[in-house]
Amino acid sequence: MDFFTALDIAASGLSAQRTNMNVISMNLANVKTTRTAEGGPYQRKIVLFRSAPIEWPPKKVWQTELEREVKGVKVAMILTDKRPFRRVYDPDHPDADKDGYVLYPNINVVEEMANLLTALRTYEANLSCVSSIKDMINEALQIGR
């Protein structure tokens, strides 16, 4: 595997985790949103990843079987969590039903923070790979001098 393929793999991880962190941040920002444009409370979103072949470099005749199977990661889709909403008694809330209960989003802040930390650590690991690859490229260029 060449340096640029390794960079592409790490870059795909960076892009996927950036999307994941954006979705998690959106979930955290809407933890108290009881009314949306679609009607009802905000529904938690989940990022689903899939493996995807690296498009660069172009296929070479002398490519090994291992190099043909090199894959990165992509966001397959963003799903809506189907867990039930939290029902909280708050008769003074403008969105309370006739019994005084309000439906809040199906978001667990502790779970979202744990997911955010995992995404952050994964992003940092990919960033570390990019930095290491950059250092290797610089060292390889120094050999030629």
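The values are calculated or read from the model by the stated rules, or taken from the named source; none is laboratory data. If you're wondering where the values come from, they're calculated on a predicted model, not measured in any experiment. So basically every Cβ, Gly included, is an ideal-geometry build from the backbone, and we count neighbours across all protein chains shown.
Numbers below:
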read-out	value
Checklist (1) surrounded by 11 or more Cβ atoms within 10 Å (Cβ to Cβ); (2) under 22 Å from Thr19 (Cβ atoms); (3) modelled with pLDDT under 95 applied to Lys82, failing item	(1)
Count - residues of segment 84-116 that are part of a helix (DSSP H, G or I) and of a type outside the set (A, V, I, L, M)	3
Matching residues in segment 1-48 - criterion: being polar (S, T, N, Q) and either crowded, with 17+ Cβ neighbours inside 10 Å or assigned to a loop (DSSP other than H, G, I, E, B) (or both)	Ser12, Gln17, Asn20, Asn27, Asn30, Thr33, Thr34, Thr36, Gln43
Pairs with Cβ under 8 Å, 6+ apart, first in segment 126-145 and farther than 12 Å from Phe3 by Cα, second of a type outside the set (D, E, K, R)	Asn126/Ala10; Asn126/Ala11; Asn126/Gly13; Asn126/Leu14; Asn126/Gln17; Leu127/Ala10; Leu127/Leu14
Every residue from segment 6-47 that is of a type in the set (Val, Ile, Thr) and in contact with a strand residue (DSSP E or B) (Cβ under 9 Å, 6 or more places away or on another chain)	Ile9, Thr19, Val23, Ile24, Val31, Thr33, Thr34, Ile46, Val47
For Asn20: the one exception among (1) at pLDDT below 95; (2) out of contact with any Pro (no Cβ under 7 Å at 6 or more places or on another chain)	(1)
Lone qualifier among Ala119, Ala140 - being within 24 Å of Ile46 (Cβ to Cβ) and part of a helix (DSSP H, G or I)	Ala119
Selected residue (criterion: modelled with the lowest pLDDT) from residues of segment 70-79 that are of a type in the set (Val, Ile, Thr) and in a strand (DSSP E or B)	Val73
